[in-house]
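Below is one structure, written out as structure tokens, with a few remarks after it.
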Amino acid sequence: MFQSYSQPLEFTNLTSWLDAALRENLPEFWAVFIELALVGVVLLAAYAVLAMILIYVERKITAFFQARIGPNRVGKYGIFQTVADVLKILIKEIIQINKVDKFLFYAAPFFMIVASVLTFGAIPFGKSLQAVDFNIGVFYVTAVSSLGIIGVLLAGWSSNNKYSMIGAMRSGAQFVSYELSAGFALMTMVVLSGTMQFSEMIENQAYCWNIFNGHISSLVAFVIYLISGHAETNRGPFDLPEAESELTAGYHTEYSGLQFGFFYLAEYLNMFIIASIAATVFLGGWMPLQISGWEGFNQLMWYIPSYIWFFGKVGVLIFLSLWVRWSFPRLRIDQLLNLEWKYLLPINLVNILVMVILVLTGLTLTDLF
């Protein structure tokens, strides 16, 4: 295995000290309870802060692509514009809609936000910076992230609005279709890694990231996962469920105030989650760039905190996602489904078989060297 060098800017010592202090001064139950509460608070705070940062970053990047200035009024370079928008959406009136299924209508946004938060909690942000490390981590994130589509379908059906219903049906067809390709792409990497646990996956990528370790098969899985993940987040050119020119706002047309904010928040965090999973499974996650035998270079790379490596990789993938969104026109629904069922899924099925052959014959880079 690889040698882990000292990391002076990591949070490992802080978390270990806090755990030891709580267990020394409190009964076991209350120590665990406080730790879990702190983890929940930190996750929710990080969830909200990351969403605001992503909204601001997208506005600026979009403005750059379109030769505009972007937010520039509230704060220096408009950095507090998103904060102002959050305050505005918090105090806006929630408009009461007649003839809706009230229970399902109000429950739908929570399905979206809960599915997003559950997935968010399993992401390894850095060394020892992970709320839960399941031994079936890949399966877990695939399963809980799929719950979000329930919120979309409930929102469309309960709104008693034909535009909302069409948007929800489109989103359901799109999500279910592209979830297959995303799942197969991740399973291809599970075959290569021999584990579903994110921490073990990252450890195995110490000297060779998975995107290189599996030759062309890994690269194909990486590209397919990015396309499928982008489609699952309903972002252009796959934004048919929210096509403004056809469906006003799609499945959340009837929502206002904080309820609409939940959908808006979940959309941006889903973009971050897709990029995070891609960075973890294909690009080594928080693992620094390491070269076998170059101990001085490896030592230098470890001085960069692991969470900087993680957010750097995720940032590159998010920029790529935004680049695609603002560069291509919206697809038609037949083009969108043809891309999945006629191209991506068959390629995925062949690709996972190729990966199985590579692993069984020992032709991966780590096996060769």
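Checking each residue in segment 122-139 for being within 20 Å of Ala48 (Cβ to Cβ) and surrounded by fewer than 18 Cβ atoms within 10 Å (Cβ to Cβ) picks out Ala131, Val132. Report whether or not Phe310 is more than 13 Å from the chain's Cα centre (by Cα), at pLDDT 90 or above and open to solvent by less than 10 Å² (accessible area, probe 1.4 Å). Considered against the rule, which asks whether it is more than 13 Å from the chain's Cα centre (by Cα), at pLDDT 90 or above and open to solvent by less than 10 Å² (accessible area, probe 1.4 Å), Phe310 comes out as no. Quick check: anything in segment 91-103 open to solvent by 70 Å² or more (accessible area, probe 1.4 Å), under 19 Å from Tyr251 (Cα atoms) and β-branched (Val, Ile, Thr)? Scanning segment 91-103, I find at least one residue that is open to solvent by 70 Å² or more (accessible area, probe 1.4 Å), under 19 Å from Tyr251 (Cα atoms) and β-branched (Val, Ile, Thr), so the answer is yes.
Selection of helices (runs of 4 or more DSSP H) fully inside segment 178-294 by the criterion of at least 3 residues being β-branched (Val, Ile, Thr) and within 24 Å of Gly151 (Cβ to Cβ) returns 257-282. Taken as a whole, the structure leaves Asn351 outside the set of residues that are touching a residue at least 40 places away in the same chain (Cβ under 8 Å), within 21 Å of Glu200 (Cα to Cα) and polar (S, T, N, Q). Of the residues Leu300, Leu336, the single one that is farther than 19 Å from Val57 by Cβ, open to solvent by 20 Å² or more (accessible area, probe 1.4 Å) and among the hydrophobic types (A, V, I, L, M, F, W, C) is Leu300.
Search segment 140-169 for residues being open to solvent by 40 Å² or more (accessible area, probe 1.4 Å) and out of contact with any Asp or Glu (no Cβ under 9 Å at 6 or more places or on another chain), and hand back the single one that is nearest to Gly285 (Cα to Cα). Selected residue: Tyr140.
Here's a check for you: in segment 124-156, which residue that is part of a loop (DSSP other than H, G, I, E, B) and among the hydroxyl-bearing types (Ser, Thr, Tyr) is farthest from Gln259 (Cα to Cα)? Talk me through it step by step, then tell me what you get.
Here is the first cut: in segment 124-156, the residues part of a loop (DSSP other than H, G, I, E, B) are 124-125, 127-128, 130-136, 146-147.
Next, from what is left, pick out any that are among the hydroxyl-bearing types (Ser, Thr, Tyr): 128, 146.
Numbers: Ser128: 34, Ser146: 20 Å.
Applying the filter and picking the extreme gives Ser128.
Assess whether Leu353 counts as being of a type in the set (A, V, I, L, M, F, W, C), surrounded by fewer than 17 Cβ atoms within 10 Å (Cβ to Cβ), at pLDDT 90 or above and assigned to a helix (DSSP H, G or I). Yes: the conditions hold for Leu353. Residue pairs whose Cβ atoms lie under 7 Å apart, separated by 6 or more positions or on different chains, with the first residue in segment 203-216 and under 15 Å from Pro288 (Cα atoms) and the second small (Gly, Ala, Ser) and surrounded by fewer than 19 Cβ atoms within 10 Å (Cβ to Cβ), are Tyr207/Ser292. When segment 295-314 is filtered for residues that are in contact (Cβ under 8 Å) with a residue 24 or more places away in the chain, touching a helix residue (DSSP H, G or I) at 6+ places or on another chain (Cβ under 9 Å) and of a type outside the set (Phe, Trp, Tyr), the ones remaining, listed by number, are Lys313, Val314.
Hey, among Leu87, Leu118, which residue is open to solvent by 50 Å² or more (accessible area, probe 1.4 Å) and under 22 Å from the mean Cα position of the chain (by Cα)? Even if it seems obvious, please write down each step before you answer.
Values: Leu87 fails: under 22 Å from the mean Cα position of the chain (by Cα).
Result of the check over Leu87, Leu118: Leu118.
In segment 260-275, the qualifying residues are those that are open to solvent by 10 Å² or more (accessible area, probe 1.4 Å) and touching a Gly at 6+ places or on another chain (Cβ under 8 Å), and the one that is modelled with the lowest pLDDT is Asn270.
Name the single residue, out of those in segment 1-31 being loosely packed, with under 13 Cβ neighbours inside 10 Å and assigned to a loop (DSSP other than H, G, I, E, B), that is modelled with the highest pLDDT. Talk me through it step by step, then tell me what you get.
Our first condition is that a residue be loosely packed, with under 13 Cβ neighbours inside 10 Å; within segment 1-31, this holds for 1, 3, 6, 8-9, 13-14, 16-17, 20-21, 24-25, 27-30.
Among the residues that remain, those that are also assigned to a loop (DSSP other than H, G, I, E, B) are: 1, 3, 6, 8-9, 27.
Working: Met1: 49, Gln3: 57, Ser6: 49, Pro8: 51, Leu9: 57, Pro27: 87.
Here the residue is Pro27.
Listed by first and then second residue, the pairs linking a residue in segment 88-107 that is at pLDDT 90 or above to a residue that is open to solvent by 60 Å² or more (accessible area, probe 1.4 Å), with Cβ atoms under 8 Å apart and 6 or more places separating them unless they lie on different chains, are Leu104/Trp157. Considered as a group, the residues in segment 38-83 that are touching a Gly at 6+ places or on another chain (Cβ under 6 Å) and not in a loop (DSSP other than H, G, I, E, B) include one that is farthest from Phe120 (Cα to Cα), and that residue is Ala63. Being farther than 28 Å from Trp323 by Cβ, touching a Ser or Thr at 6+ places or on another chain (Cβ under 6 Å) and open to solvent by 30 Å² or more (accessible area, probe 1.4 Å) is a condition met by at least one residue of segment 205-220. Kindly indicate whether any position in segment 249-259 is aliphatic (A, V, I, L, M), touching a residue at least 60 places away in the same chain (Cβ under 8 Å) and open to solvent by less than 20 Å² (accessible area, probe 1.4 Å). No: segment 249-259 contains no residue that is aliphatic (A, V, I, L, M), touching a residue at least 60 places away in the same chain (Cβ under 8 Å) and open to solvent by less than 20 Å² (accessible area, probe 1.4 Å).
The values are calculated or read from the model by the stated rules, or taken from the named source; none is laboratory data. Remember, it's a predicted structure, so these values are computed and weren't measured experimentally. Counting neighbours? That spans all protein chains shown, and the Cβs are built from the backbone with ideal geometry, glycine included. We work out accessible area using only protein heavy atoms, side chains counted, and drop any ligands, DNA or RNA first. Shrake-Rupley method; radii C 1.70, N 1.55, O 1.52, S 1.80 Å.
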